[in-house]
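A.B. asks: Here you go, one structure.
Where a number appears in this text, it was derived from the coordinates with a stated rule and is not lab data. It should be emphasised that the depicted structure is a prediction, and the values quoted were computed from it without experimental measurement. Positions of Cβ are backbone-derived with ideal geometry, glycine not excepted, and every protein chain shown enters the neighbour counts.
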Amino acid sequence: MIDPVETLKEKIVLDCKILQNQRLLDVYGHVSARLPDGRILSTPHMPPGKVALRDLIVIDMNGQKLEGLGEPNSETPMHTSIYKARPDVQCILHYHADELVVVAASAQGIKVIANCGVHFYRGTPIYDSPVLIRNHQLGDKVAATLGNHNAVLLRGHGGTVVSNDLDMLLRLGIDLVRSARIQIMAAPLGPLKTHSQEECEQMVKGHDRPNVNRRYIDYYISEVVD
Ligand SMILES: [Zn+2]
């Protein structure tokens, strides 16, 4: 029988390897997921792309470590505040991709000019401070800025993506940075034609199909597994 906790652990480690391989993670950044018992599984205070199964830690909703050898990341309050504010969120990615910093500095958020951006058509709010999220007060502010969206940009800092599924989290994490990159590439061309809300809604509807992310995820897995 497949152990759901082991499956979550393996997916977190694989997601981190893929994000590292895509150069979306560096020294910093972290991934966490809600466990069935309400506790939180998290990468520890180490470069996330280097995390192995044995490194993962379990924390409570106050960010206190319950299991594991490593220590929690200093920005753990961002995760716990979002989990408290959003019962639908099952997993969180926080990272510092340069493209997200550029778009956040423009105070525009992600413009949907490419199909990889349709997940974000309801907007990507910007948390307007570069200060790291190291206490619950700041965590609550980021959670409030995120609201019911699936991504929030943090000015001068990076971005945070949330999902109810680790496969979708990986897709959102990659597609958010790709959307930002395309937006930056297109910026010198002048005014941009964006997808309409109707076009985005039409495309996002297709994301409800079972295994819709399989081909996408399999491609990125093949890039990190021999
Ligand atoms: Zn950060």
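A.B. asks: I'd like to know how the stretch 1-54 sits against the 2.2 N^0.38 Å rule of thumb: what's its Cα Rg over that expected value?
C.D. replies: 1.13
A.B. asks: Here's another thing I want to ask about it. If you take the Cα Rg of the stretch 1-138 and divide it by 2.2 N^0.38 Å, with N the number of residues, what do you get?
C.D. replies: That works out to 1.08 for the stretch 1-138.
A.B. asks: Additional query: Going by how many other beta carbons lie within 10 Å of each one, how would you line up K11, K50, fewest first?
C.D. replies: Ordered from fewest to most neighbouring Cβ atoms within 10 Å, K11, K50 come out as K50, K11.
A.B. asks: Here is a follow-up. Where does the chain land at 222 nm, in deg cm²/dmol rounded to the nearest 500, when only DSSP H runs of n ≥ 4 count, each adding -39500 (n - 2.57), divided by all residues?
C.D. replies: For the chain, the value works out to -12000 deg cm²/dmol.
A.B. asks: Under a Cβ-only charge scheme (Lys and Arg +1, Asp and Glu -1), can you give me the dipole magnitude of the stretch 101-210 about the Cα centre, in debye to the nearest 20?
C.D. replies: That gives a dipole near 280 debye.
A.B. asks: Taking the convex hull of the Cα atoms, report for the stretch 58-194 its projected area averaged over all directions, in nm².
C.D. replies: Average of the hull's projected areas for the stretch 58-194 equals 8.1 nm².
A.B. asks: Let me ask something else. How do S42, S163 rank when sorted from fewest to most other Cβ atoms within 10 Å of their own Cβ?
C.D. replies: S163, S42
A.B. asks: Of K9/K50; K50/K205; K50/K84; K50/K141, which sit over 24 Å apart, Cα to Cα?
C.D. replies: K50/K205; K50/K84; K50/K141
A.B. asks: Here's something else I'd like to know. If one takes the longest principal axis of the Cα atoms in the chain, at what angle in degrees, from 0 to 90 and to the nearest 10, does the Cα axis of helix 4-21 lie?
C.D. replies: The angle comes out at about 50 degrees.
A.B. asks: Taking H placed 1.01 Å from N in the peptide plane, check which residues at least 5 places from S163 or on another chain put their amide H under 5 Å from its amide H.
C.D. replies: Placed amide hydrogens put Q90, C91 under 5 Å from S163.
A.B. asks: Restricting attention to the stretch 182-215, which trypsin sites (Lys or Arg not before Pro) occupy a DSSP loop and are surrounded by at most 12 other Cβ atoms within 10 Å?
C.D. replies: K193
A.B. asks: Mind checking which of L189, L19, L100 has the largest fluctuation in a GNM of the chain, springs on alpha carbons under 10 Å?
C.D. replies: Judging by the Gaussian network model, the answer is L189.
A.B. asks: Could you put M168, M1 in order, starting from the residue whose Cβ has the fewest other Cβ atoms within 10 Å?
C.D. replies: M1, M168
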